[in-house]
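Structure first, commentary second.
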Amino acid sequence: MIKLFKRIAFLFLLAAVLCACGEKVITGVSFPGPPIEIASNESFGMGMINYYNIIQGPDGTYRMYFAANENSGIAEDEWHQNLYLAESSDGFHYELKGKIMESLIEQSVCLVKDKDWPYRLIGNQLLDGKHCLCLWKSKDGIEFTGRKVLFDFKHDTQNTLTQHGSRMKLYSRLTQEHYQNRRITLAEFTLDGEQVSETEILAGDCLYNSAASKVDERYDLLFPTYYNTHGGTTDTCSFRCYLADGSFMRELPCELNRWVDESEEWALASPGFIFINGDRYLAFATRTASHDHSHTGMISRYKLIKVVLEYE
């Protein structure tokens, strides 16, 4: 109890210091309008799509990266999924471009300030019988090269990167026994994938499909979907978001649930905010059936929703 009071006092003190310095503090995240559906596995003519994210490239083109297989359902062995690319000129209408890497799941692509190699890809591959979390770089966002193994053990969804100066923050999720109490870890790396910090386990229990979005040089927002119960048959998805700034984390209120139909399951799927016509958007996926039944023709739909950050 004493530790809890000390932590609360520290958060109030930190907020007061930031305000005294003239810097606003983020107090909430809101979604003022309904989501816009932008794609589905049906529109791309594939089985269930997974682990997708959208970025806007240096040339202004919006790129959607996702893992999928080309038959009617997810492969019996999920590690047989491949990485695909779709593109858009306006951020809302996407055309499939094709497969760009084989045997990759639980991945995301981000942009970094690197003149020669502006793209980074983080994802899981099976190498010599081990589930490895790896890093690649690319000049054009299509051909990725220079694979570097970051961790030689299995990580779960969703692994994301944010850049701060010359460092990248890697948010990844640990797979634990029976998928209980999934936890998010945070570690810093150079742009070439050399780890330069200890791996920290962040606060929060049973976090699911988390995605980190960079707000500015001070802040990342961690948006986890999480289960309210631990492994029962009536698990339901819910939503909360955390503010991450080094060791500073606090839960923020947000209400994405009110825009999602009760018959749908959903998960965040966007490492990074997407700006379209000056507005900030977040991407997420909804599913028409339980993830436990994803082998039987489940339809996944992909949506953008406008985001407003609230400050004081």
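The values are calculated or read from the model by the stated rules, or taken from the named source; none is laboratory data. These figures come from a predicted structure and were not determined experimentally. No Cβ is skipped: glycine too gets one built from the backbone with ideal geometry, and neighbour counts run over all protein chains shown.
Numbers below:
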{"item": "Any pair with Cβ under 6 angstrom, 6 or more apart, that starts in the range 250-268 at a residue that is within 17 Å of ALA285 (Cβ to Cβ) and ends at one that is buried (at least 17 other Cβ atoms within 10 Å of the Cβ) and of a type in the set (S, T, N, Q)", "result": "GLU264/THR286; TRP266/THR286; ALA267/ASN209; ALA267/THR225; LEU268/ASN209; LEU268/THR225"}
{"item": "Pick from the range 239-290, criterion among the β-branched types (Val, Ile, Thr) and assigned to a loop (DSSP other than H, G, I, E, B), ranking: modelled with the highest pLDDT", "result": "VAL260"}
{"item": "Residues (more than 24 Å from SER213 (Cβ to Cβ) and in contact with a Lys or Arg (Cβ under 7 Å, 6 or more places away or on another chain)) located in the range 123-144", "result": "HIS131"}
{"item": "Hits in the range 150-165 (condition: within 19 Å of GLY129 (Cα to Cα) and out of contact with any Ser or Thr (no Cβ under 6 Å at 6 or more places or on another chain))", "result": "LEU150, PHE151, ASP152, PHE153"}
{"item": "Looking only at the range 86-119, and only at residues there that are part of a strand (DSSP E or B) and either modelled with pLDDT under 90 or among the polar types (S, T, N, Q) (or both), the one that is nearest to GLY141 (Cα to Cα)", "result": "SER108"}
{"item": "Which numbered condition THR233 fails, given (1) in a strand (DSSP E or B); (2) of a type in the set (Ser, Thr, Tyr); (3) at pLDDT below 75", "result": "(1)"}
{"item": "Residue in the range 68-75 that is touching a Ser or Thr at 6+ places or on another chain (Cβ under 7 Å), surrounded by 14 or more Cβ atoms within 10 Å (Cβ to Cβ), outside any loop (DSSP other than H, G, I, E, B) and modelled with pLDDT of 70 or more present", "result": "no"}
{"item": "Any hit, the range 152-166, residues being farther than 29 Å from GLY98 by Cα, of a type in the set (Asp, Glu) and in contact with a strand residue (DSSP E or B) (Cβ under 9 Å, 6 or more places away or on another chain)", "result": "no"}
